[in-house]
């Protein structure tokens, strides 16, 4: 019984990985066919970013959604050339939650190391671009302590690279460190109220980019 369960788990995992890989390549190909340009404001991230209709939320700004479902810090680094090639005015980054599950096998220093590579590459390839690093959002209780440990380090990393850090975490977490119940329906992805809260947090920073 155990062996059959293990085999089923492996087969399922491989199929999920295959589907995720195909989706990643589909979205990356679409982004390459619709390149960023100077003046654009790029939102980089995973399914949390991808799930927001940011052009509708901020219709008067040149916001471009560059989120891909299930993306990780490694995936984002690998597709960064498409982003920096356009020399956007600003980049908002929210990435890292998909690096956390046990089956990904990425410890904190690995995540932060990849994040540092992302910030260094943006600085090198598109030095005039303003970079905003957003804290990792809360999710289920099992990840609470780890996210609480990572976010201060992420803030230090952002400051080291002269990026602005946006601490979303306190507004989204309950007392147990979980994503607030009214903001989600699966302990990870946001409902409309979550995107309203997120947009309100970003609005002051976006205001500084008007006319640039």
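The length gained by stretching the chain between residue 162 and residue 199 to full extension, at 0.36 nm per residue less their Cα-Cα distance, is 11.0 nm.
Just checking the listed ones, 139, 79, 106: in the Gaussian network model of the chain with Cα springs under 10 Å, the one fluctuating most is 106. What is the chain's relative contact order, in percent, from Cα pairs under 8 angstrom and six or more apart in sequence? With pairs under 8 Å counted, the relative contact order is 17 percent. Maximal additional length on extending the residue 145-residue 37 stretch stands at 35.0 nm, based on 0.36 nm per residue less the C-alpha distance. Angle of helix 2-33 to the longest C-alpha principal axis of the chain, folded into 0 to 90 degrees and rounded to 10: 20°.
Counting only DSSP H runs of at least 4 residues, each contributing -39500 (n - 2.57), and dividing by the residue count of the chain, the helix-based mean residue ellipticity at 222 nm comes to -15500 deg cm²/dmol.
Working from label points 7 Å from Cα in the Cα-to-Cβ sense, the residue 78 to residue 103 distance is 1.7 nm. Between 0 and 90 degrees, rounded to the nearest ten: what's the tilt of helix 192-207 against the longest Cα principal axis of the chain? Taking the Cα atoms of the chain, the angle to 192-207 is about 30 degrees. From the Kirkwood radius over Cα pairs of the chain, Stokes-Einstein at 37 °C and 0.692 mPa s returns a whole-number translational diffusion coefficient of 184 µm²/s. Picking from 113, 177, 45, which is most flexible by a Gaussian network model of the chain using Cα springs under 10 Å? With Cα springs under 10 Å in the chain, the top fluctuation among 113, 177, 45 is at 113. With an a/c value of 1.5 or above and a/b not larger than b/c for the gyration tensor axes a ≥ b ≥ c computed over the alpha-carbon atoms, the range 32-126 is described as oblate.
Taking 175, 153, 145 as the candidate residues, the one with maximal mean-square fluctuation in a Gaussian network model of the chain, Cα springs under 10 Å, is 175. Summary of packing: across the peptides 180-187, 192-199, the per-residue average of other C-beta atoms within 10 Å ranks them, highest first, as 192-199, 180-187.
Computed from Cα positions, the angle between helix 108-125 and the longest principal axis of the chain comes to roughly 30 degrees.
No lab work stands behind these numbers, since they all come straight from the coordinates. Please read all numbers here as calculations on a predicted model, not as lab measurements. Every residue, glycine among them, receives a Cβ derived from its backbone with ideal geometry; neighbour counts consider all protein chains shown.
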